[in-house]
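The values are calculated or read from the model by the stated rules, or taken from the named source; none is laboratory data. Note that this is a predicted model, so its numbers are computed, not measured. Cβ: placed from backbone, ideal geometry, glycine included. Neighbour counts: every protein chain shown. These accessible areas exclude ligands, DNA and RNA; they are computed on the full protein's heavy atoms, side chains included. Shrake-Rupley method; radii C 1.70, N 1.55, O 1.52, S 1.80 Å.
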Amino acid sequence: MSSTIIGIDLGTSTTEAAVIRDGKPVMIVNLDQEIITPSAVGIDNGGNWVIGEKARAQYLLSPDNTAIEVKRKIGTNEKIMLGKQSCTPVALSAKLLEYVRTYVSEYLEEEVTRAVISVPAYFDDIQRQATVRAGMEAGFQVERIINEPTAAALSYGLDHMEEESHILVYDLGGGTFDVTLLEMFDGVLEVKASNGDNRLGGKDFDEKLMDWLNGQFQKKYGVDLRKDMYACVRLKEEAERCKKALSTQESYHVLVPMIIEKAGQPLALDETVTAEQFEELVRELLERTHRPMEVVLADSGILPSEIDRVILVGGSTRMPVVEKDIRDFLNMEPSRAVDPDYAVAQGAAIQAGIIEGTICQEDSILMTDVNPYTLGIRVMDKMTDDRMSVIIPRNVTIPVTRSEIYFTSWDYQTEARIEVYQGESSVASSNHFLGAFTVQGVPPRKAGTEKIGVKFSYDMNGMLQVKASILSTGLDASIEINMMEDSDTAKEQTDVSRWKESSYAKPFRTVIRRVERALKGPEVSYDPLLEEELEDALYELKAALVKEDLELAKEAEEDLMELLGELQ
């Protein structure tokens, strides 16, 4: 396996890769000899995959066979149609990353299989897991997931290691917004707090312009451009062009001579947009950036006056309206100390260099990070049995260990089920469920008598260790949750309901019936870990039958027989 680890900025609009050479990050050119690759994936008329610039160009002519802005859907079960082919966001992201692996291997003249991939700081566990899965499907060993603002700060910090300052990284990309506050001192880069909005980015600024242009067009001609796929693509293209033009000029003339037909007559989109109009159109979006900044300042305990530098990251920060809004809100001039397009990939490469040893430890920055979401368990109180009890609050520096003590909830309780959640809601089930286990052997006494200690340990590699102990007896149980492993939702890609139609189904019917009966029995319901293992192995068997994979089916059957043996 190659020892080279690259850094990848997998963005909503564009994707970039970098590698460490002579202790510094170097951007890698793609097969078109460009550093920036559009995050577009498509299938051409011959059924071949097209990636990057070719896919971006195809989108104008064949939008139904091309996907853009896939990152906005990663971590969801939403299917993306390319013609008649149904694809998952993970699969399309993997295609894009596979292209990255191809061109970096060619550039470096070696097979590259290791990567550090960046994600928005405010990505949740499911989105991070889906990103890791996409990397794995592309043939990468994902060495680390790094938060985009942290990566950008690393890019800045490598040349400013003697600096002592508070840095606010303002990262507005194509589809996501992050704000992270860091402190630099003695070669240490310490993340104090992160917040953001995963549904806010340059795409939304385009949408505001599209809505306005389409509204003007409807007033003139009574035609909705959004109802025609090809007209809508042209409208989007012009909105993006207009937005970029207004970054350097006071007005822009949008002119598309034949955007659509009405009663056989071609109609033109012909409007002039001023910078002042654009600022008014996007005011609501700019105001949405204020709350995350307020949360980060509050969580970190840093006053706006204590911020030494605001670093702009992401192509969308090139808009003057963004710079003006930051200046007004924080009362300070933002800095372009890093390249907004390259800084994240460069920072990911620096992290890769630290891991692989191409950046000497004594020359590198020591980086700490935080958990962006609250971690806790579901508990019962006098009002509800679905309260989120916080054990590790959001924006706590990791690695971290925290403990809480709880009491039994009802008389003569003999076991306690520990359900682990991630999220900000006070209602546990409204948050993201991470896992569960049961600690047994609680002495049967009156409610509120027995104490159960719960300890969370969260490390830099995304491992969350949860342990519960009965304080009076010392009996305990635990679970380890890898925040970078595939979640059940990410795995669930095969419809196994028609497993009986498989030509191999008959020899496996008996074991499947036994497992399904066992899952309904009391022995399994009292052992959540065994229940989960049985369900996973049963799914693997049925999926193998649906895929007509006899060898895989036999392996899954062996796993099930071992698990059933534990019930004897």
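Here are the numbers:
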| read-out | value |
| --- | --- |
| Residue within the stretch 279-289 that is within 30 Å of residue 180 (Cβ to Cβ), free of Cβ contacts under 8 Å to residues at least 40 places away in the same chain and hydrophobic (A, V, I, L, M, F, W, C) present | yes |
| Those residues of the stretch 556-568 which are touching a residue at least 12 places away in the same chain (Cβ under 8 Å) and among the charged types (D, E, K, R), in sequence order | 557, 559, 566 |
| Per-region count, the stretch 365-398, residues in a loop (DSSP other than H, G, I, E, B) and within 28 Å of residue 120 (Cα to Cα) | 7 |
| Residues being in contact with a Gly (Cβ under 8 Å, 6 or more places away or on another chain) and part of a strand (DSSP E or B) - total across the stretch 144-155 | 2 |
| Subset of the stretch 3-18 that is surrounded by fewer than 24 Cβ atoms within 10 Å (Cβ to Cβ) and over 22 Å from residue 198 (Cα atoms) - its residue that is farthest from the chain's Cα centre (by Cα) | 3 |
| The lone exception for residue 204 - which of (1) charged (D, E, K, R); (2) in contact with a helix residue (DSSP H, G or I) (Cβ under 8 Å, 6 or more places away or on another chain); (3) in a strand (DSSP E or B) it fails | (3) |
| Selection count, the stretch 426-440, where residues are farther than 16 Å from residue 381 by Cα and either open to solvent by less than 50 Å² (accessible area, probe 1.4 Å) or within 27 Å of the chain's Cα centre (by Cα) (or both) | 10 |
| Filter result (open to solvent by less than 10 Å² (accessible area, probe 1.4 Å) and of a type in the set (Ser, Thr, Tyr)) within the stretch 144-164 | 150, 156 |
| Considering residues of the stretch 459-476 that are modelled with pLDDT under 90 and assigned to a strand (DSSP E or B) only, the residue farthest from residue 441 (Cα to Cα) | 463 |
| Residue within the stretch 279-300 that is outside any helix (DSSP H, G or I) and either within 27 Å of the chain's Cα centre (by Cα) or surrounded by 17 or more Cβ atoms within 10 Å (Cβ to Cβ) (or both) present | yes |
| Test: residue in the stretch 198-211 that is open to solvent by 30 Å² or more (accessible area, probe 1.4 Å), in contact (Cβ under 8 Å) with a residue 60 or more places away in the chain and either more than 29 Å from the chain's Cα centre (by Cα) or closer than 25 Å to residue 157 by Cβ (or both) | no |
| Some residue of the stretch 245-262 being open to solvent by 50 Å² or more (accessible area, probe 1.4 Å) and part of a helix (DSSP H, G or I) | no |
| Subset of the stretch 303-357 that is in a helix (DSSP H, G or I), open to solvent by 50 Å² or more (accessible area, probe 1.4 Å) and not charged (D, E, K, R) - its residue that is nearest to residue 173 (Cα to Cα) | 320 |
| Residue match in the stretch 99-109 (condition: farther than 28 Å from residue 180 by Cβ, among the charged types (D, E, K, R) and over 22 Å from the mean Cα position of the chain (by Cα)) | yes |
| Some residue of the stretch 463-480 being closer than 25 Å to residue 373 by Cα, touching a residue at least 40 places away in the same chain (Cβ under 8 Å) and open to solvent by 60 Å² or more (accessible area, probe 1.4 Å) | no |
| So residue 273, is it within 26 Å of residue 199 (Cα to Cα), in contact with a strand residue (DSSP E or B) (Cβ under 6 Å, 6 or more places away or on another chain), touching a residue at least 60 places away in the same chain (Cβ under 8 Å) and in a strand (DSSP E or B) | yes |
| Only one of 398, 418 that is open to solvent by less than 30 Å² (accessible area, probe 1.4 Å), aliphatic (A, V, I, L, M) and within 23 Å of the chain's Cα centre (by Cα) | 398 |
| The stretch 441-460, residues that are in contact (Cβ under 8 Å) with a residue 40 or more places away in the chain and surrounded by fewer than 19 Cβ atoms within 10 Å (Cβ to Cβ) | 447, 448, 449, 451, 453, 455, 457, 459, 460 |
| Of all residues making up the stretch 51-88, the number that are under 15 Å from residue 14 (Cα atoms) and over 24 Å from the mean Cα position of the chain (by Cα) | 3 |
| Qualifying residue in the stretch 489-505 (condition: open to solvent by 30 Å² or more (accessible area, probe 1.4 Å), under 30 Å from residue 411 (Cβ atoms) and either under 32 Å from the mean Cα position of the chain (by Cα) or modelled with pLDDT under 90 (or both)) | no |
